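For reference, the structure is listed below as structure tokens.
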Amino acid sequence: MAAHKRITAITNRLIERSKPTRQLYLDRLRRAADAGPHRTTLSCGNLAHGFAACAPAEKSALAGDRAANLGIITAYNDMLSAHQPFERFPELIREAAREAGGVAQVAGGVPAMCDGVTQGQPGMELSLFSRDVIAMAAGIGLSHNMFDTTVYLGVCDKIVPGLMIAAMTFGHLPAIFVPAGPMTTGLPNDEKARVRQLYAEGKVGRDELLEAESRSYHGPGTCTFYGTANSNQMLMEIMGLHTPGASFINPNTPLRDALTREATKRALAITALGNEFTPAGEMIDERSIVNGVVGLHATGGSTNHTLHLVAMARAAGIHLTWEDISELSDVVPLLARVYPNGLADVNHFHAAGGMGYLIAQLLSKGLVHDDVRTVWGQGLASYAIDVRLGENGTVARAPAPKESGDPKVLSTVDQPFQPNGGLKMLSGNLGAAVIKISAVKSDRHVVEAPARVFHDQQDLIDAFKAGELDRDFVAVIRYQGPKANGMPELHKLTPSLGVLQDRGHHVALVTDGRMSGASGKVPAAIHVTPEACDGGPIAKVRDGDMVRVDAVKGELTVLVDQATWEDRLPADADLERNGFGMGRELFAALRANAGPASEGASVLY
């Protein structure tokens, strides 16, 4: 079906806006691709170093350009449950590459930190910048110029965006992203949230809280709620960078291993040495980016991608804006209810039809572009499938189911859970911000209340415990932006604000920090730009100022007399403590050079 008129109009506008930077990018990419495989241009000493540890047959193959060499970029570590399964993947990939007549080498490892571990801790202030560090680390691995194609092993929050930036930077090479899959279902996410709120109120102790958390996060694989990590997997599939159906298969299963072997062989099939050359930077274009944004809205995905998608697109010379994202949200209906936007987890989502069903629904009304290139060699319709384990341990696919396996989890475009994606842009005299309202009740979409200003999330938690916040208010948490302290997520606020809302108070959050994919039932205007540390007007808010967060009209305003507002000076904050400890001193240059949230909060673009 032809693309929806408004989708087409927004895409065309994006193409037009991006022409100068996209053309420069493509020119550079094509010059690199035209040079062909590069090992024969290396000196004998270079090449000998490059394959010194290989088996004799692999050395013979790599001595010329007869066999393709696959570079593995891995974010494996033992601590991240989502990444621990990657320990086995290099050997699976090497074996599959040999079967296909190629060679595979780990080109490099990249750091991978867990926001769940660092939440509310000093290390969280490195999290956002780890995305750009990952891109640079992957670039170092690929700079050896030994490879004809690449696979990227990553799942979680900043890792996939960082790897995607690297894949676009080395866009003359094919790239396939290989996920590890979600952990099996544990304690239901709504029960976990209930225990967290009870702990915040002092009604259960640390032992009960740790037991609930351990039953929720209980094994290898991605956390099962629909946060940034699982939004990443959705994006890679709907943008055509996964093989079809790869996103949500559990780790350490025969189907997961079969998909990994298949991705390896496909990566080797699409090099410049064959007839299906698919350089990643040519494959991903403005239509692919729009498809990613549409998928984000249709699933109620992570607000972090208002940062990451912008940065990922810039790496391919594409100038995506918050306005594009907000306008697409107005067009795209919400088709999925996955926690925190429902009770289901990603395993329930997959069982109800998952990505194949979702893509089929979006294609049926022209809400995504089918005429895109993918690593599978066909358009997006080839991803409207159901994936199973076939004979002899291979991957089998069938058309996606016509009906949802659970209409409470996955609905249709004709009967969506809500008519829009629930991710909106706000603007006003406090600056620009984004808000996710897919899990916020409609009577909370507009909050007007006095401000209570804090410079640290712990200060709000202390005020809550002291009984100072039992009323309507808008929490203004500032000096949390990229330049101030690396823009940490502020999820420690969620239980306290949730308790106050449950008590009947009208509360909202306004911050130049982040709340991420787990943004839930409390309205939160996040990523406020300009940030306080960069001269943003949020620095001028005082306790008691009336603040209006209006997700209906898209307004973020402080209701202060204009002359008074203009004469008011910004409040200072003591940022010295943000500069040291847990590695923060190593990131001073990144904080100083970070771009605004509206442009991806990147130090690279």
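The values are calculated or read from the model by the stated rules, or taken from the named source; none is laboratory data. Here the structure is a predicted model, which is why all the values come from computation and not from measurement. Positions of Cβ are generated from backbone atoms using ideal geometry, with glycine treated the same way; all protein chains shown enter the neighbour counts.
Take the residues of the range 445-471 that are among the basic types (Lys, Arg) and modelled with pLDDT of 95 or more: which is nearest to Pro416 (Cα to Cα)? It would help to see each step written out before you state the result.
Within the range 445-471, the first condition is being among the basic types (Lys, Arg), and the residues that meet it are 452, 465, 471.
From what is left, the residues that are modelled with pLDDT of 95 or more are 452, 471.
Numbers: Arg452: 37, Arg471: 35 Å.
In this case the residue turns out to be Arg471.
For the range 363-377, the count of residues that are acidic (Asp, Glu) and surrounded by 20 or more Cβ atoms within 10 Å (Cβ to Cβ) is nonzero. The number of residues in the range 508-521 that are at pLDDT 85 or above and buried (at least 24 other Cβ atoms within 10 Å of the Cβ) comes to 7.
For every residue, the table says whether it meets (1) in contact (Cβ under 8 Å) with a residue 12 or more places away in the chain; (2) farther than 30 Å from Asp572 by Cβ; (3) part of a strand (DSSP E or B); (4) of a type in the set (Asp, Glu).
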| residue | (1), (2), (3), (4) |
| --- | --- |
| Asp371 | yes, yes, no, yes |
| Lys408 | yes, yes, no, no |
| Gln415 | no, yes, no, no |
| Ala432 | yes, no, yes, no |
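Mind checking which residues of the range 557-605 are polar (S, T, N, Q), crowded, with 19+ Cβ neighbours inside 10 Å and not in a helix (DSSP H, G or I)? Write out each step before concluding.
Narrowing the range 557-605 to residues polar (S, T, N, Q): 557, 562, 564, 578, 593, 598, 602.
Filter again for crowded, with 19+ Cβ neighbours inside 10 Å, leaving 578, 598, 602.
The one that is polar (S, T, N, Q), crowded, with 19+ Cβ neighbours inside 10 Å and not in a helix (DSSP H, G or I): Ser602.
Within the range 474-486, the residues that satisfy the criterion of being in a loop (DSSP other than H, G, I, E, B) and within 15 Å of Ala539 (Cβ to Cβ) are Arg478, Tyr479, Gln480, Gly481. Ala433 - would you say it is touching a Pro at 6+ places or on another chain (Cβ under 9 Å), buried (at least 18 other Cβ atoms within 10 Å of the Cβ) and of a type in the set (A, V, I, L, M, F, W, C)? So Ala433 fails the test. The residues of the range 128-167 that are surrounded by fewer than 22 Cβ atoms within 10 Å (Cβ to Cβ) and in a helix (DSSP H, G or I), listed by number, are Val133, Met136, Ala137, Gly139, Ile140, Leu142.
Quick one: count up the residues across the range 487-504 that are outside any helix (DSSP H, G or I) and buried (at least 24 other Cβ atoms within 10 Å of the Cβ). Outline the logic, then answer.
Initially, the range 487-504 is screened for residues outside any helix (DSSP H, G or I), giving 487-492, 503-504.
Still in the list and also buried (at least 24 other Cβ atoms within 10 Å of the Cβ): 487-490.
Total meeting the criteria: 4.
I need the full set of residues from the range 317-333 which are within 18 Å of the chain's Cα centre (by Cα) and closer than 21 Å to Ile359 by Cα, in order please. Within the range 317-333, Asp324, Ile325, Ser326, Leu328, Ser329 qualify.
Here Ala67 meets the list (1) closer than 30 Å to Asn252 by Cα; (2) modelled with pLDDT of 95 or more; (3) crowded, with 20+ Cβ neighbours inside 10 Å almost entirely, failing just condition (2).
Against the conditions (1) over 26 Å from Phe587 (Cα atoms); (2) assigned to a helix (DSSP H, G or I); (3) in contact (Cβ under 8 Å) with a residue 12 or more places away in the chain; (4) within 29 Å of the chain's Cα centre (by Cα), where does Arg94 fall short? Just the number, please. Result: Arg94 passes all but (3).
Results for (1) in contact with an Asp or Glu (Cβ under 8 Å, 6 or more places away or on another chain); (2) of a type in the set (A, V, I, L, M); (3) in the same structural domain as Val293 (by TED's automatic domain parsing); (4) within 21 Å of Pro244 (Cα to Cα), shown as yes or no for each residue.
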position	(1), (2), (3), (4)
Pro333	no, no, yes, no
Asn341	no, no, yes, no
Ala344	yes, yes, yes, no
Gly356	yes, no, yes, yes
Lys365	no, no, yes, yes
Ala400	yes, yes, no, yes
Phe417	no, no, no, no
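Of all residues being charged (D, E, K, R) and exposed (fewer than 15 other Cβ atoms within 10 Å of the Cβ) in the range 31-61, which is nearest to the chain's Cα centre (by Cα)? Just the residue, please. If we take residues in the range 31-61 being charged (D, E, K, R) and exposed (fewer than 15 other Cβ atoms within 10 Å of the Cβ), then Arg31 is nearest to the chain's Cα centre (by Cα).
Filtering the range 378-420 to residues that are of a type in the set (Asp, Glu) and either exposed (fewer than 12 other Cβ atoms within 10 Å of the Cβ) or more than 24 Å from the chain's Cα centre (by Cα) (or both) leaves Glu391, Glu403, Asp406, Asp414.
Test Leu426 against the criterion of being farther than 26 Å from Glu262 by Cβ, over 20 Å from the mean Cα position of the chain (by Cα), in a strand (DSSP E or B) and aliphatic (A, V, I, L, M), and give yes or no. Quick ask: steps written out before the conclusion?
Values: farther than 26 Å from Glu262 by Cβ: yes; over 20 Å from the mean Cα position of the chain (by Cα): yes; in a strand (DSSP E or B): yes; aliphatic (A, V, I, L, M): yes.
So Leu426 fits the description; yes.
Helices (runs of 4 or more DSSP H) wholly in the range 318-365 with at least 2 residues that are among the charged types (D, E, K, R) and in contact (Cβ under 8 Å) with a residue 12 or more places away in the chain - which ones?
Working: elements: 322-331, 346-351, 354-364.
It comes to 322-331.
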